[in-house]
1. Have a look at A:75, A:92, A:54, A:58 and point out the one that is at positive phi, touching a strand residue (DSSP E or B) at 6+ places or on another chain (Cβ under 8 Å) and not polar (S, T, N, Q).
2. Can you pull out the residues in the range A:75-98 that are touching a residue at least 40 places away in the same chain (Cβ under 8 Å) and either in a strand (DSSP E or B) or crowded, with 22+ Cβ neighbours inside 10 Å (or both)?
3. Kindly provide the set of residues from the range B:108-162 that are crowded, with 19+ Cβ neighbours inside 10 Å, among the small types (Gly, Ala, Ser) and in a helix (DSSP H, G or I), ordered by number.
4. For the structure I just gave you, tell me whether residue A:43 is modelled with pLDDT under 95, part of a strand (DSSP E or B) and either among the β-branched types (Val, Ile, Thr) or surrounded by fewer than 18 Cβ atoms within 10 Å (Cβ to Cβ) (or both).
5. Can you list residue pairs whose Cβ atoms sit under 9 Å apart, with the first residue in the range B:131-156 being farther than 19 Å from residue B:210 by Cβ and modelled with pLDDT of 95 or more and the second being aromatic (Phe, Trp, Tyr) and crowded, with 22+ Cβ neighbours inside 10 Å? Count only pairs 6 or more apart in sequence or on different chains.
6. Scan the range B:163-175 residue by residue and report those that are in a strand (DSSP E or B) and among the acidic types (Asp, Glu).
7. For residues that are within 18 Å of the chain's Cα centre (by Cα), under 22 Å from residue B:45 (Cβ atoms) and not basic (Lys, Arg), tally how many sit in the range B:178-227.
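The values are calculated or read from the model by the stated rules, or taken from the named source; none is laboratory data. Nothing here was measured: the structure is a model prediction, and the numbers come from that model. All Cβ positions, glycine included, derive from the backbone under ideal geometry; neighbour counts span all protein chains shown.
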Protein chains: 2
Amino acid sequence: MTKVTAQLSVSLDGFYAGPRHNGDGDWMESAEAAAFFRVTRWVTDAMAWRERQGFTGGVRDTNSEIIAETFEAAGAYVMGRRMADGGEVPWGDEPPFRAPVFVVTHRPRETLVRQGGTSFTYVTDGVAEAVERARAVAGGKNVAIAGGGSLVRQVLRAGLLDELELHVVPVVLGEGLRLLDADLDLDVKEAIELTPVRVVPTPEATHIRYRVEGRAPLLLDDRGSGGGPTTTR
Amino acid sequence: MTKVTAQLSVSLDGFYAGPRHNGDGDWMESAEAAAFFRVTRWVTDAMAWRERQGFTGGVRDTNSEIIAETFEAAGAYVMGRRMADGGEVPWGDEPPFRAPVFVVTHRPRETLVRQGGTSFTYVTDGVAEAVERARAVAGGKNVAIAGGGSLVRQVLRAGLLDELELHVVPVVLGEGLRLLDADLDLDVKEAIELTPVRVVPTPEATHIRYRVEGRAPLLLDDRGSGGGPTTTR
């Protein structure tokens, strides 16, 4: 059954990139890029990612297996406009997705068909519609929210996300673009509950996959002073 | 050898409590408390914590073992003033620490000696001095930074922290008091690097212990396009 999934590399303090580049000078030289490069270093070092990019070398390890599995699980992608624009040139004639990509945008544009199975379809009627169009062509595989972070947050906020996998990289960045930032539209004493369904530790990242359970109230309790039976689990 | 350690329960978005209570009304009814209760629920449910509080019942599980181990490893504590004030009454005559506690404060006060091995000594010449005084009496065990979050951050910022254990609770809170907030005094393109030394997954929390390596510059790279040998690890 098709699930809507997202996975993102984040620092221990929750950033997926440095402070947003203001457009002056080269993005590659920006603080935004420097932090993004740090949290995705485990990806660019990995065999499975390098093969998709047509690069030689790489490390064949657990991280690489996780990337291979992530690519394999996706039948279609939904992507933010800024990410799609930023990738258009570097991804070249044969982008690494090898599946249909639906770009959430305000600007209509003709579908772009690339080699190797990747196409970019521009959806102007919102993220829910983009998810539905991706689901229709995912062939029973997952709809992967490719990013960036604000799109992942939007999908989570709308209650459309089934699974969130965070690759938590052991670095503290201090500032930048934070995945789980304040605009989740939660009420006071309301939270989004999740369940960890898989944890894979590696030295380069702790990979934690969560099932999203949904919104729930935050309840007060008696701090355990009410006693109760002793149980073992 | 004595290490300076800290451990804190945080939500997936990095909060250890809800938005700071402004002092109106009962703290126990506040949004700050509601979120704090949620992220520490795994603690209050655990046998090892309940025994220390003199409460009956509880769950005997991996979480409880982690709490028992944390209590056992600490030879002395360093604590923030707000946490010490807040706990003074609820902790009662026999607080759960059973070791000397050094409270970082601006207000001099006589040492408070409690039953069961706990004492509160008020240190007015800064966090580094409090850590040194705790180290001197820790008897080879660890100096545990008891919290709150701003004290943990201060110790991390000062380069005094050897190990940080986060109990990452599968809940998104949206707002509140964030452990790894912006006042870490990091330069642009500078980060604090860590190494995960232990990951223990449970349904209630993912327990990740990090060794703090220290500050390091964020480096640009060629995004893997430079090629290189294939390796396995």
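1. Numbers: A:75 fails: at positive phi; A:92 fails: touching a strand residue (DSSP E or B) at 6+ places or on another chain (Cβ under 8 Å); A:54 fails: touching a strand residue (DSSP E or B) at 6+ places or on another chain (Cβ under 8 Å).
Answer to the check: A:58.
2. Scanning the range A:75-98 gives A:75, A:76, A:77, A:78, A:79, A:80, A:97.
3. Passing the criteria: B:130, B:134, B:149.
4. On the way: modelled with pLDDT under 95: yes; part of a strand (DSSP E or B): no; either among the β-branched types (Val, Ile, Thr) or surrounded by fewer than 18 Cβ atoms within 10 Å (Cβ to Cβ) (or both): yes.
Judged against the criteria, residue A:43 is not a match.
5. B:133/B:102; B:134/B:77; B:134/B:102; B:137/B:102
6. So in the range B:163-175, the residues in a strand (DSSP E or B) come out as B:163-169, B:171-172.
Listed by number, the residues that qualify are B:163, B:165.
7. Residues that pass the stated criteria total 8.
Yes or no, residue by residue, for (1) in contact with a Cys (Cβ under 7 Å, 6 or more places away or on another chain); (2) closer than 30 Å to residue B:202 by Cα; (3) aliphatic (A, V, I, L, M); (4) at pLDDT 95 or above:
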site: B:53; (1), (2), (3), (4): no, yes, no, no
site: B:66; (1), (2), (3), (4): no, yes, yes, yes
site: B:83; (1), (2), (3), (4): no, yes, yes, no
site: B:108; (1), (2), (3), (4): no, no, no, yes
site: B:112; (1), (2), (3), (4): no, no, yes, yes
site: B:118; (1), (2), (3), (4): no, no, no, yes
